[in-house]
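What follows is a set of notes on a single structure, which appears directly below.
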Amino acid sequence: MAKGTIPRRDFLAAAGAAGAGVAAAALPAAKAQAAPAQSAEVPTETWLVLTAEEAAFYSAVADTIIPADALSPSGTECGIPVFIDRQLASAWGAGARMYRAGPFHPGMPEQGYQLPLTPCDFFSAGVVAANAWSHKTYGKTFDRLTPDQRIEALTVMETGKAEFEDFDARAFFQRLLTITMEGFFSDPIYGGNRGKASWRMLGFPGLPATYADKIEEYRNKRYVAEPRSIADFS
């Protein structure tokens, strides 16, 4: 494993329930200042809702959680920022079918998300808060941190010890991890999992769900097949 990367088995085992017991949040007004260090490389894309700063943040997070190695390409190469952009631009990102009329009292973890923000607003506010904290702590925005600093920063966010201004760092990390995992393992038609990288890594065949005709042929044998996505059946 390369230095400055999170062990992939830790990433796969780290899924947490998102948005539990979140404190009331507001969009921070402060803008994170850019440092002269080189930023994370962001693929050339036409973003639907992401700003350049948000795309750089998500790219840095994706490449830290999912580094390029013998198992798969990096998170950015797998299209995770594109997946996040499409999700936040969707009806879900706009808060469709979410109850947001309040009251918004601090809840228990099992009560789930307890904020008036739409998912798109929540993530936007989280990126601003994370970059502001990163700049205060390290002197630069998250995407400009070194690989080791990014791991350290994400770890502090995960434990809830990162002091975000008017925002819950742990809740943000949990939702950030969840949407990153969704982008890595989802059907490629949604923008992530390019080349079916995660499916190939796992040996997952993809969309087909009926294997009655394969039972006898592969009894007590490993079943290996080229993964197929929704687009393959369109």
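At-a-glance table
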{"item": "Accessible area of residue 137 in the full protein assembly, 1.4 Å probe (Å², nearest 10)", "result": "70"}
{"item": "Accessible-area ranking of 98, 108, largest first, probe 1.4 Å", "result": "108, 98"}
{"item": "Residue order for 222, 144 - accessible surface, 1.4 angstrom probe, largest first", "result": "222, 144"}
{"item": "Most to least accessible of 216, 152, 163 (protein chains only, probe 1.4 Å)", "result": "163, 216, 152"}
{"item": "Options 51, 118, 145, ranked by Cα towards positive dipole end of the range 49-153, top entry (Cβ charges)", "result": "118"}
{"item": "Whole-Hz ³J(HN,Hα) from phi, Karplus 6.51 cos²θ - 1.76 cosθ + 1.60, for the range 218-228, glycine and proline x", "result": "10, 4, 6, 10, 6, 9, 10, 8, 5, x, 10"}
{"item": "Neighbourhood net charge (14 Å Cβ-Cβ; Lys/Arg +1, Asp/Glu -1) for residue 196", "result": "-1"}
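The values are calculated or read from the model by the stated rules, or taken from the named source; none is laboratory data. Computed from a predicted structure; not experimentally measured. Positions of Cβ are backbone-derived with ideal geometry, glycine not excepted, and every protein chain shown enters the neighbour counts. To get the accessible areas, we keep the full protein, side chains included, count just its heavy atoms, and leave off ligands, DNA and RNA. Shrake-Rupley method; radii C 1.70, N 1.55, O 1.52, S 1.80 Å.
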